[in-house]
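Structure record follows, encoded as structure tokens.
The values are calculated or read from the model by the stated rules, or taken from the named source; none is laboratory data. The model shown is predicted, which means the values in this text are computed figures rather than measured ones. For neighbour counting, all protein chains shown are included, and Cβ atoms are generated from backbone atoms with ideal geometry for every residue, glycine included. Quick note on the areas: whole protein, heavy atoms, side chains included, nothing else; ligands and nucleic acids left out. Shrake-Rupley method; radii C 1.70, N 1.55, O 1.52, S 1.80 Å.
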Amino acid sequence: MGGVSFAVHRGSGKERALLSLDDFEDDEPWRETVPFLDDVAVDDAIDGVRLQRLRTYADHRGDLTVLLSDLRETIPLPPHVYLVSAAPGSVRAWVYHKRQSDRLAFTNGDVRVVLYDLRKESPTCGRLNVLDVGGANKVLVTIPPRVVHGVQNRGVDVATFVNMPTKAYDPGNPDKSRLRRDHPGIPYQFA
Ligand SMILES: Cc1cn([C@H]2C[C@H](O)[C@@H](COP(=O)(O)OP(=O)(O)O[C@H]3O[C@@H](C)C(=O)[C@@H](O)[C@H]3O)O2)c(=O)[nH]c1=O
């Protein structure tokens, strides 16, 4: 694999004498509450599916959006995180995972997430949820194991989303079960 060169500045004793870590100022606490990842109520949500509001902090330099945090509650920290770029109109469906929960963070684009509960033991077996998320509705969607899901980019630009599943992807034993996207057994057809 081709080496990647980095500019390395060796520094000198004289420079270190001019500055120390103590010269930095600590940020002051700015909020008494933790204003991110508030739960969003979803009418008739499938059992175990969770939506949390993602809060974006904007300033003249751009913005920052918190995607996941255990500051407010103990959560399974993500052993694996990846970024998906969805081409305009693209559909990723239908899938479910036997062992992991997906935690999909949507912050941009016009994306539709469709969830379908085929878990025979679930109190919401047979229920469908259709969630429109992205730039206008920045949310973290937690999808428990065995909940069928599909994601469509309904916009005209590439949409990206981050997945922070509760288990690492193992190519040797991928936790991914698929069904063709137009299967008539699911009461939703992607346009
Ligand atoms: C999930 C994953 C895939 N891959 C590889 C496998 C494959 O060659 C390529 C694309 O993987 P997939 O086809 O599984 O990805 P995809 O079907 O696009 O699934 C994605 O869409 C949403 C709806 C989901 O539910 C997630 O599971 C997410 O993986 O990336 C990794 O290398 N690491 C990973 O962690």
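Would you pick out the residues in the range 163-180 that are touching a residue at least 12 places away in the same chain (Cβ under 8 Å) and either touching an Asp or Glu at 6+ places or on another chain (Cβ under 7 Å) or more than 10 Å from the ligand (Cβ to nearest atom) (or both)? Residues satisfying the conditions are Asn163, Met164, Pro165, Thr166, Lys167, Ser177, Leu179, Arg180.
Taken over the range 120-133, the criterion of being closer than 14 Å to Pro187 by Cβ and surrounded by fewer than 21 Cβ atoms within 10 Å (Cβ to Cβ) is satisfied by Thr124, Cys125, Gly126, Arg127, Leu128, Val130. Out of curiosity, is Ala136 within 27 Å of Asp38 (Cα to Cα), within 12 Å of the ligand (Cβ to nearest atom) and open to solvent by 40 Å² or more (accessible area, probe 1.4 Å)? Criteria not met by Ala136. Which residue out of Gly89, Gly155 is on the phi > 0 side of the Ramachandran plot, away from the ligand (no atom under 14 Å from the Cβ) and in contact (Cβ under 8 Å) with a residue 40 or more places away in the chain? Exactly one of Gly89, Gly155 is on the phi > 0 side of the Ramachandran plot, away from the ligand (no atom under 14 Å from the Cβ) and in contact (Cβ under 8 Å) with a residue 40 or more places away in the chain, namely Gly89. If you check Pro123, Pro78 for being of a type outside the set (Lys, Arg), more than 10 Å from the ligand (Cβ to nearest atom) and under 19 Å from Val42 (Cβ atoms), only one passes: Pro123.
Check the range 178-185 and report whether any residue there is out of contact with any helix residue (DSSP H, G or I) (no Cβ under 6 Å at 6 or more places or on another chain) and open to solvent by less than 10 Å² (accessible area, probe 1.4 Å). No.
Of the residues in the range 145-152, at least one is within 12 Å of the ligand (Cβ to nearest atom), open to solvent by less than 20 Å² (accessible area, probe 1.4 Å), in contact with a Gly (Cβ under 9 Å, 6 or more places away or on another chain) and within 21 Å of Val42 (Cβ to Cβ). Note on the range 92-119: residues that are farther than 23 Å from Asp43 by Cβ and either within 13 Å of the ligand (Cβ to nearest atom) or open to solvent by 70 Å² or more (accessible area, probe 1.4 Å) (or both) total 6.
Per-residue answers, yes or no, for (1) closer than 30 Å to His149 by Cβ; (2) free of Cβ contacts under 8 Å to residues at least 40 places away in the same chain; (3) within 16 Å of the ligand (Cβ to nearest atom):
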site: Ser20; (1), (2), (3): no, yes, no
site: Trp30; (1), (2), (3): no, yes, no
site: Asp43; (1), (2), (3): yes, yes, no
site: Gln52; (1), (2), (3): yes, no, no
site: Arg72; (1), (2), (3): yes, yes, no
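Residue-wise test of (1) open to solvent by less than 60 Å² (accessible area, probe 1.4 Å); (2) over 18 Å from Lys138 (Cα atoms); (3) hydroxyl-bearing (Ser, Thr, Tyr); (4) touching a helix residue (DSSP H, G or I) at 6+ places or on another chain (Cβ under 6 Å).
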{"position": "Thr56", "(1), (2), (3), (4)": "yes, no, yes, no"}
{"position": "Val66", "(1), (2), (3), (4)": "yes, no, no, no"}
{"position": "Leu77", "(1), (2), (3), (4)": "no, yes, no, no"}
{"position": "Gly89", "(1), (2), (3), (4)": "yes, yes, no, no"}
